[in-house]
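The values are calculated or read from the model by the stated rules, or taken from the named source; none is laboratory data. Bear in mind the structure is a predicted one, so any value in this text is a computation, not a measurement. Cβ placement follows ideal geometry from the backbone for every residue including glycine, while neighbour counts extend to all protein chains displayed. Each accessible area value is taken on the protein alone, full model and side chains, heavy atoms only, with ligands, DNA and RNA left out. Shrake-Rupley method; radii C 1.70, N 1.55, O 1.52, S 1.80 Å.
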Amino acid sequence: MLLHIYKDYNTLASMAANEIIGVIKSKPNAVLCLATGETPLLTYEMIAIQAIDENVDFSRCTFIGLDEWVNIPPDNEGSCHFFLEKNIFKPLHILNSQIHLFDALEKNLEAECRKMDKTIRENGGIDLMLVGVGMNGHIGFNEPGVPDNLYSHVIALDTITQSVGQKYFRQSTKLQSGITLGLQHFMECRKVIMMASGIKKSLVMRKTLEDKVSTEMPASMIRKHDNGVVMLDEEAAALLKKD
Ligand code: GLP
């Protein structure tokens with residue numbers, strides 16, 4: 001695992017954008033799984049600009065959804081679907097045929113999970129996952145205590161996720177469960193970039209990087225990944241030991 005600490009959020013976003021563009025340049029038909037949330041927002045803006053400036057071609061990439069709030073429709077601004085559409089797919093002119101997201105309104109969510117696993121397998125596995133870290137250490141919706149051998153699954157959201165998640169919604173929204181790729185996808189992915197920014201993430205990043213590796217802190221699993229890169233700004237790294 002590599003750890004990079006950048007002086008501020010802008011620098012972090014620009015370095016993460018470079019990493020992602022680098023993957024597409026070396027493998028134009030890459031399979032990408034990009035997180036939603038506040039953390040990568042600026043990275044996605046920068047990718048959209050860089051894609052035009054450097055003539056980066058995303059037309060052969062495949063996009064896999066990381067997670068979704070169960071029962072939240074895609075036209076709800078707080079849904080992961082809406083976020084990806086607005087911040088990645090539209091700006092990069094990605095076609096529907098390149099996109100595979102969870103349908104969180106599907107009645108048979110178990111079947112939806114198996115469908116996603118099959119899609120990932122048929123596309124040869126995920127080349128790059130960009131993940132954020134929840135305030136409870138989750139990755140996607142892999143909540144503390146999740147088994148490490150799961151592929152896609154439906155999971156009850158813990159109280160921290162239910163309350164922090166309100167920030168994505170205009171009005172108070174019932175968030176009880178999520179559908180998500182599993183830690184097994186995370187470990188099998190060819191490259192993982194984990195991003196965190198701001199002082200509010202400093203404690204969770206200290207636990208992620210310095211406490212024992214455990215699914216009680218799902219983000220700590222990156223320390224077992226063969227090709228994991230953790231990218232932080234100085235605020236998110238503030239509680240790490242100096243060495
Ligand atoms: C959310 C999502 C994750 C996201 C994480 C951090 O609940 N399920 O995919 O990466 O929590 O979000 P943020 O970047 O807004 O802090």
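Structure notes:
- I99 meets the conditions (1) away from the ligand (no atom under 16 Å from the Cβ); (2) open to solvent by 10 Å² or more (accessible area, probe 1.4 Å); (3) out of contact with any Phe, Trp or Tyr (no Cβ under 6 Å at 6 or more places or on another chain) in every case but one. The failed one is (3).
- The lone exception for M195 - which of (1) part of a loop (DSSP other than H, G, I, E, B); (2) within 13 Å of the ligand (Cβ to nearest atom) it fails: (1)
- When every residue of segment 218-233 is checked against the conditions, none turns out to be within 16 Å of the ligand (Cβ to nearest atom), open to solvent by 60 Å² or more (accessible area, probe 1.4 Å) and either free of Cβ contacts under 8 Å to residues at least 12 places away in the same chain or in a loop (DSSP other than H, G, I, E, B) (or both).
- Number of the exception - V204 against (1) within 25 Å of L42 (Cβ to Cβ); (2) part of a loop (DSSP other than H, G, I, E, B): (2)
- The single condition among (1) open to solvent by 50 Å² or more (accessible area, probe 1.4 Å); (2) assigned to a loop (DSSP other than H, G, I, E, B) that I160 does not meet is (2).
- Pair list, Cβ under 7 Å, 6 or more apart: segment 148-168 residue farther than 15 Å from E68 by Cα, other residue in a loop (DSSP other than H, G, I, E, B) and away from the ligand (no atom under 14 Å from the Cβ): D148/T215
- Contact map, segment 178-202: residues that are buried (at least 24 other Cβ atoms within 10 Å of the Cβ) paired with residues that are at pLDDT below 95 and in a helix (DSSP H, G or I), Cβ distance under 8 Å, separation 6+ or inter-chain. No pairs are found.
- Residues that are open to solvent by less than 50 Å² (accessible area, probe 1.4 Å), more than 10 Å from the ligand (Cβ to nearest atom) and not in a loop (DSSP other than H, G, I, E, B), drawn from segment 64-89: I64, L84, N87, I88, F89
- Residue check for D211: open to solvent by 50 Å² or more (accessible area, probe 1.4 Å) and in contact (Cβ under 8 Å) with a residue 40 or more places away in the chain: no
- Top-ranked residue of segment 17-47 - restricted to ones that are within 12 Å of the ligand (Cβ to nearest atom) and in a helix (DSSP H, G or I), ranked as farthest from the chain's Cα centre (by Cα): L42
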